[in-house]
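Q: First the structure, then my questions, so here it is.
The values are calculated or read from the model by the stated rules, or taken from the named source; none is laboratory data. Treat the numbers as computed from the prediction; the structure is a model and nothing was measured. Note: ideal-geometry Cβ built from the backbone for every residue, glycine included; neighbour counts use all protein chains shown.
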Amino acid sequence: MFQRDFNQNPFIVIWELTRACELKCLHCRAEAQYHRHPLELTLEEGKRLIDDIYDMDNPMLVFTGGDPLMRPDVYDIADYAITKGVRVSMTPSATPNVTKEAIQKAKDVGLARWAFSLDGPTAEIHDHFRGTEGSFQLTMDAIQHLHQLEIPIQINTVISRYNVDALEEMATLVEELNCVLWSVFFLVPIGRGKETDMISPAEHERVFRWLHKLSKKVPFDIKTTAAQHYRRVVIQQKMKEKQNREQTIEYEDALQKGITTPFDGLGRAPKGVNDGNGFVFISHIGDVFPSGLLPVKAGNVRTTPLADIYRESPIFIDLRNPDKYKGKCGVCEFRFVCGGSRSRAYAMTGDYLESEPFCVYIPKAMRARAEQRE
């Protein structure tokens, strides 16, 4: 498998086209507003940004928000990127803006995949989380439009205390909706997201194990976000399965395989993609961050080329060096394939190099030291 050098180029770029949105989601990292910001990147600035992104070994590009459809020129931006050869997807909000005509226009431009958020198998759960009555039905209607136009569908779900007990029903719904990918986000308490909305560390572990089992029997792919320690769980489960089949597998061998093998179910994200490490986020006004969930500014594309920020910013350089991680993440044998969520570490501790605070795993080195003390 080809492995790009994340020190030079990202695997995926997220561009927040606007922060304008008609929803009021409880977890919104952007704290989206109803109106567009007057200093948003213009169409011409956006084209120059797309040129820069393309020159960085043409990573995947995702248009997000807010709601990208709140920008009238969203199709012009998409057309420019797609014509250039950039792989583009979009994550609009399920609002009355998502008409069949709007989706047809996107298809004509060449947008190959759409992603919609669905945070519960019922209107009661989803609409509460999205802060807007009727959002569930709008989402279901939009999905039907996509099916009619034969556009692949990705479902995004934020795991929180509001839906953690309904995940079985949620997985059934994703399958019934004939989606190609279920992208599962684990809440990071920034923006409107609160620590009290999060599931516990033990619940994270339980959901990870459930997702791994689910991934082996459903027709759709599963991808996780802000859940880097899911990779560690998958490696451990694979080792356990091989041992149960009386096949030998070396611990270090599994870790080495994990470095180059995608363990998120997608088959597309090699190595330990993490905030600032293969991942970069550009805000509506051009500010550059390691991710949308890690609000530590590294520069602005209006004054500095994206490649220079990504490659040379001390923030990004530190995030790409797992040996700089602190606490148990810094000594964990899985740090090069996992590394924990740098976003959650920052949100909970104020230090993006600190340990993932919602991981229950005790690294091998720490266990060995504890045994020596005994």
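Q: Out of everything in segment 275-327 that is assigned to a helix (DSSP H, G or I) and of a type in the set (Gly, Ala, Ser), what residue ends up being nearest to Ile12 (Cα to Cα)? Please lay out each step first, then the result.
A: Filtering segment 275-327 for residues assigned to a helix (DSSP H, G or I) gives 306-312, 314-319, 322-324, 327.
Restricting the remaining residues to those that are of a type in the set (Gly, Ala, Ser) gives 307, 327.
Details: Ala307: 13, Gly327: 28 Å.
The extreme case among them is Ala307.
Q: May I pose another question? Any residue at all in segment 54-73 that's under 16 Å from the mean Cα position of the chain (by Cα) and of a type in the set (Phe, Trp, Tyr)? Can you show your working first?
A: First pass over segment 54-73, keeping only residues under 16 Å from the mean Cα position of the chain (by Cα): 59-66.
Okay, now just the ones that are also of a type in the set (Phe, Trp, Tyr), so 63.
Yes, because at least one residue in segment 54-73 is under 16 Å from the mean Cα position of the chain (by Cα) and of a type in the set (Phe, Trp, Tyr).
Q: Among all residue pairs at least 6 apart or on different chains, which show Cβ distances below 6 Å where the first residue, located in segment 321-338, is touching a residue at least 40 places away in the same chain (Cβ under 8 Å) and under 20 Å from Ala368 (Cα atoms) and the second is among the basic types (Lys, Arg) and buried (at least 17 other Cβ atoms within 10 Å of the Cβ)?
A: Close Cβ pairs satisfying both conditions: Phe334/Arg232.
Q: Continuing with this model, one more query. Could you say which residue among Ala78, Ala166, Ala142 is among the small types (Gly, Ala, Ser), more than 23 Å from Ile50 (Cβ to Cβ), out of contact with any Ser or Thr (no Cβ under 8 Å at 6 or more places or on another chain) and at pLDDT 90 or above? Don't jump to the end; show me each part of the working.
A: Values: Ala78 fails: more than 23 Å from Ile50 (Cβ to Cβ); Ala166 fails: out of contact with any Ser or Thr (no Cβ under 8 Å at 6 or more places or on another chain).
Criteria check complete, one pass: Ala142.
Q: Report, by residue number, each residue of segment 121-141 that is out of contact with any Leu (no Cβ under 7 Å at 6 or more places or on another chain) and either surrounded by 23 or more Cβ atoms within 10 Å (Cβ to Cβ) or among the polar types (S, T, N, Q) (or both).
A: Residues satisfying the conditions are Thr122, Phe136, Gln137.
Q: Please pick out the residue among Cys329, Cys338 that is buried (at least 23 other Cβ atoms within 10 Å of the Cβ) and modelled with pLDDT under 95. Give the steps one after another, and end with the answer.
A: Details: Cys329 fails: modelled with pLDDT under 95.
Just a single option satisfies the conditions, and that option is Cys338.
Q: While we're looking at this one, here's another question. In segment 65-102, which residue that is over 24 Å from Gly131 (Cα atoms) and of a type in the set (Val, Ile, Thr) is surrounded by the most Cβ atoms within 10 Å (Cβ to Cβ)?
A: Taking the candidates together, the pick is Val74.
Q: Sticking with this structure for a sec: Based on this model, can you work out whether Ile222 counts as in a helix (DSSP H, G or I), under 24 Å from Ser343 (Cα atoms) and modelled with pLDDT under 95? Lay out the reasoning, then the answer.
A: Working: in a helix (DSSP H, G or I): no; under 24 Å from Ser343 (Cα atoms): yes; modelled with pLDDT under 95: yes.
In short, no.
Q: Let me ask something additional. State which residue pairs qualify: first residue at pLDDT 90 or above and inside segment 3-23, second residue assigned to a loop (DSSP other than H, G, I, E, B) and of a type in the set (Ser, Thr, Tyr) in any location, beta carbons under 6 Å apart, and separation of 6 or more residues or different chains.
A: What qualifies is Glu16/Ser283.
Q: Could you list, in sequence order, all residues of segment 168-196 that are outside any loop (DSSP other than H, G, I, E, B) and not aliphatic (A, V, I, L, M)?
A: Taking segment 168-196 and keeping what is outside any loop (DSSP other than H, G, I, E, B), we get 168-176, 181-186, 195-196.
Once the filter is applied, which keeps residues that are outside any loop (DSSP other than H, G, I, E, B) and not aliphatic (A, V, I, L, M), segment 168-196 yields Glu168, Glu169, Thr172, Glu175, Glu176, Trp182, Ser183, Phe185, Phe186, Glu195, Thr196.
Q: Please state which one of Pro121, Pro92 is at pLDDT 90 or above and either within 22 Å of the chain's Cα centre (by Cα) or farther than 13 Å from His145 by Cα (or both).
A: Numbers: Pro92 fails: at pLDDT 90 or above.
Step by step, each of Pro121, Pro92 is checked, and only Pro121 is at pLDDT 90 or above and either within 22 Å of the chain's Cα centre (by Cα) or farther than 13 Å from His145 by Cα (or both).
Q: Let me ask you something else. Would you say Ile309 is more than 30 Å from Thr196 (Cα to Cα) and touching a Phe, Trp or Tyr at 6+ places or on another chain (Cβ under 9 Å)? Before the answer, list the steps.
A: Details: more than 30 Å from Thr196 (Cα to Cα): yes; touching a Phe, Trp or Tyr at 6+ places or on another chain (Cβ under 9 Å): yes.
So Ile309 passes the test.
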